[in-house]
Structure formats: structure tokens, C-alpha cells
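Visitor: Dumping the structure here so I can ask a few things about it.
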Amino acid sequence: MKTDDLIADLASRATPVRPLPAPGLRALAWLALAIASAAAGVLVFRTRPGLALLVTSQDFLLTAAFALATAGLSAVAAFVLAVPGAERSALVRGLPVAIMGMWTLTAVMTVLEESHGLTGVSHWYVCAIRVAAIGLVPGIALVVMLRRAAPLRLEWTGALALAGAAAAGALAIQFICPIADGGHALVGHLGPVLVLAAVGSIAATRLLVPNSRTRGPEHLRT
């Protein structure tokens, strides 16, 4: 088939395409949903005792800021990566990774300062499950939104998507969990964010590519 004939054939079968909103706008819409999901989680699981005093604590506010920044910046980076050629600098995906790194470092330093290691991580799994549960709706929504685009760096996009969704759950758990222990926060609150980021990277093809089994090797993954 000649090139002109091929172009004519493809044009005859093409359907109207509605451009997606800019990555920043899509990220804002998703972040509104994520915050709503976090608020709903707080209402369902109820706030921790002494919350009024805790919200003035520097450690509490710093951890909440890390969670919120991870959720927002991860979503922005994922939406940018979902548009081929939109990423002008690796800083877009490097910034949420840096925030997660600072969050992890702060959590580890807190454990070291408390001088009893991970002996206080009891019931960590309860918080981990709640973090995942609260982040479930934002996670599904984000994956669906990303599948409508065309992410090429699949592992990065998948990791950032699930990290952002889990971070929304971690933000909510700050207001819910009554256990004031650094080891518990590291394993039960931050742990799910890091674990789900790894899961997102590993399962990126299945999560983000419709009919991934039929896609050829020409689809770039890294």
C-alpha cells in the first residue's frame, strides 16, 4: 500500500479526539478528590485523642506537609509523564522523590532519637490497611485518568501514581492514629507509601496500558 493510500485509509477510520486538560489542571482535580477521600477516611475512622494540641506540633505539621506534598507533586509528575514530550526536566519526577526521601529520613531520625528502635510498632498493620483503604479511590481514579493519556515512562508513572494515592491515605492517618511512636509511623504510615510505589513500578504495564498484552515492543517503558 502506498503512503498516500495508507494515510487516506487511516484518516477515514479516525474518530474525533477530545484533547485532555493540561496536566496541572488534571492534577488539581485529582488532588481535590484525594483530599475529599482523606477527609472521608477521618470521618469514618474518627480523629485521634488530643488532636487539637497535636495540630500545633512542629513534627505533626511537618509529617502532614510531607504527605500532602508527596500526593500533589506525585500526581503532577504522573500526569506530565502521561503526555509524551511534556516532561522538560527530570526535576518533575525528581521533586516528589526528594520529598519522599526527606520524609523517610525524618521518620528514621525520629526512630533513632526515641532510642527504642522498632519495639513500638505494634498494630502497624491496622494503620497500613487504613492507609491503603483511604487511598484506594484516589488510586483507582488516578490510574483511570492516566490510562486515558499515553504514558511512555511506565515504571515512573506507575510508581508516582500509587505513591501519590497512598500519600493521601497517610495524610489522613495523621489525624486518626492514636499511637505516638516513631517506629509505628515509619512502618505503618510511611511504609505503605514506599511499598505501593514499588508495586506501581512493577505492575505499571498492567495498570496503565489498556490491552497491554497486545502492545508491541515499540511501546517504551523506561
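Visitor: Roughly what would the spin-label model give for L91 and S122, points 7 Å off Cα along C-beta, in nm?
Guide: Calculated label separation equals 4.8 nm.
Visitor: Just check the chain against the gyration tensor rule for me: Cα atoms, a ≥ b ≥ c as the square roots of the eigenvalues, rounded for a/c under 1.5, and otherwise prolate or oblate depending on whether a/b exceeds b/c.
Guide: prolate
Visitor: Another question about this same structure. For a footprinting-style exposure proxy, rank F175, F60 by other Cβ within 10 Å, fewest first.
Guide: Numbers: F175 19, F60 16.
The fewest-first ordering by Cβ neighbours comes to F60, F175.
Visitor: Per 0.36 nm of contour for each residue apart, how much would the distance between L105 and V195 grow if the chain were fully extended, relative to their Cα-Cα spacing?
Guide: 30.8 nm
Visitor: Same structure again: If a helix is a whole DSSP H run, which ones in the chain reach 18 Å or further along their own axis (Cα) and hold a mean Kyte-Doolittle hydropathy of at least 0.0?
Guide: Membrane-span-like by this criterion, though nothing is claimed about a membrane: 23-45, 58-81, 91-114, 154-174.
Visitor: Sticking with this structure for a sec: Find how much the distance from A22 to A36 grows on full extension, using 0.36 nm per residue of separation minus their present alpha carbon separation; answer in nm with one decimal.
Guide: On the way: separation 14, 0.36 × 14 = 5.04 nm, distance 2.17 nm.
So the chain would gain 2.9 nm between A22 and A36.
Here, each number is a calculation from the coordinates, and none is a lab measurement. Note that the structure is a prediction, hence the values are computed from the model and not measured. So basically every Cβ, Gly included, is an ideal-geometry build from the backbone, and we count neighbours across all protein chains shown.
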